[in-house]
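First the structure, then my questions, so here it is.
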Amino acid sequence: MPLYVIDANVAVKWTAMEPLWQQARRLLEDDDTELIAPASFLAETVNALVKKYRNNELTADTVRRAQSDLELYVSLYPIGVLIEVALDISLRHTVTVHDALFLALAIREQCQLVTDDRRLLNATLPHYPETVMPLAAFPGL
């Protein structure tokens, strides 16, 4: 079963009609794929959904439903086992420690991080071309 790390940028697209939302939904709905993320994923994703609520892009009920579904779709990993590698990535590649946690998990689990975060992609893809995958390049989409 293929294993992928996903970030909040991808998960928000499951609910919001942003560019590449259909690709994100296909990734979610692929029964042959296992999705993982650092535990901070929950807070980051829900926070992004609340921002969309405040901008009148989503209803409160939609945000609540999306929040309750997140742990059904994504297995979460404790941050403590990732923080050292995440700090190293952050110091070397000018990304936040928060974003580096996702890449650290992909490195730890020897899988790919799927993201549509332009800043993260620009900073890390040249250094980790086998580990970082733009959402638009996900196979089969």
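None of the figures in this text is laboratory data; all of them are computed from the coordinates on show. Being a predicted model, the structure only gives us computed values, none of them experimental. Here Cβ is always computed from backbone atoms with ideal geometry, including for glycine, and neighbour counts include all displayed protein chains.
Which numbered condition trips up Leu113, out of (1) free of Cβ contacts under 8 Å to residues at least 24 places away in the same chain; (2) part of a strand (DSSP E or B)?
Just one mismatch for Leu113, condition (1).
Name, by its number, the condition in (1) in contact with a Lys or Arg (Cβ under 9 Å, 6 or more places away or on another chain); (2) in a helix (DSSP H, G or I); (3) in contact (Cβ under 8 Å) with a residue 24 or more places away in the chain that does not hold for His127.
With (1) in contact with a Lys or Arg (Cβ under 9 Å, 6 or more places away or on another chain); (2) in a helix (DSSP H, G or I); (3) in contact (Cβ under 8 Å) with a residue 24 or more places away in the chain applied to His127, the lone miss is (2).
Let me ask something else. State the number of residues belonging to region 51-76 that are part of a helix (DSSP H, G or I), hydrophobic (A, V, I, L, M, F, W, C) and under 25 Å from Tyr4 (Cα atoms).
Number satisfying all stated conditions: 4.
Right, here's the next one. Given the conditions (1) in contact with an Asp or Glu (Cβ under 9 Å, 6 or more places away or on another chain); (2) closer than 21 Å to Glu109 by Cα, report the number of the one that Thr45 does not fulfil.
Only one criterion is unmet by Thr45, namely (2).
If you don't mind, there's one more thing I want to ask. Sort out which residues of region 1-34 are part of a helix (DSSP H, G or I) and of a type in the set (A, V, I, L, M, F, W, C), and write them in order of number.
Those that are part of a helix (DSSP H, G or I) and of a type in the set (A, V, I, L, M, F, W, C): Ala8, Val10, Ala11, Val12, Trp21, Ala24, Leu27, Leu28.
For region 86-98, does any single residue satisfy the condition of being in a helix (DSSP H, G or I), in contact (Cβ under 8 Å) with a residue 60 or more places away in the chain and either out of contact with any Phe, Trp or Tyr (no Cβ under 7 Å at 6 or more places or on another chain) or of a type outside the set (Lys, Arg) (or both)?
Within region 86-98, not a single residue is in a helix (DSSP H, G or I), in contact (Cβ under 8 Å) with a residue 60 or more places away in the chain and either out of contact with any Phe, Trp or Tyr (no Cβ under 7 Å at 6 or more places or on another chain) or of a type outside the set (Lys, Arg) (or both).
For region 86-125, enumerate the residues that are buried (at least 24 other Cβ atoms within 10 Å of the Cβ), among the β-branched types (Val, Ile, Thr) and within 18 Å of Glu34 (Cα to Cα).
Val114, Thr115
Could you run through region 44-74 and say how many residues are closer than 21 Å to Thr115 by Cα and loosely packed, with under 11 Cβ neighbours inside 10 Å?
Within region 44-74, residues that are closer than 21 Å to Thr115 by Cα and loosely packed, with under 11 Cβ neighbours inside 10 Å number 1.
How many residues are touching a residue at least 24 places away in the same chain (Cβ under 8 Å), under 20 Å from Val132 (Cα atoms) and basic (Lys, Arg) if we restrict to region 13-60?
Residues flagged as touching a residue at least 24 places away in the same chain (Cβ under 8 Å), under 20 Å from Val132 (Cα atoms) and basic (Lys, Arg) within region 13-60 amount to 2.
Same structure, new question: Quick check: is even one residue across region 57-73 closer than 23 Å to Ala123 by Cβ and of a type outside the set (Lys, Arg)?
There is no residue in region 57-73 that is closer than 23 Å to Ala123 by Cβ and of a type outside the set (Lys, Arg).
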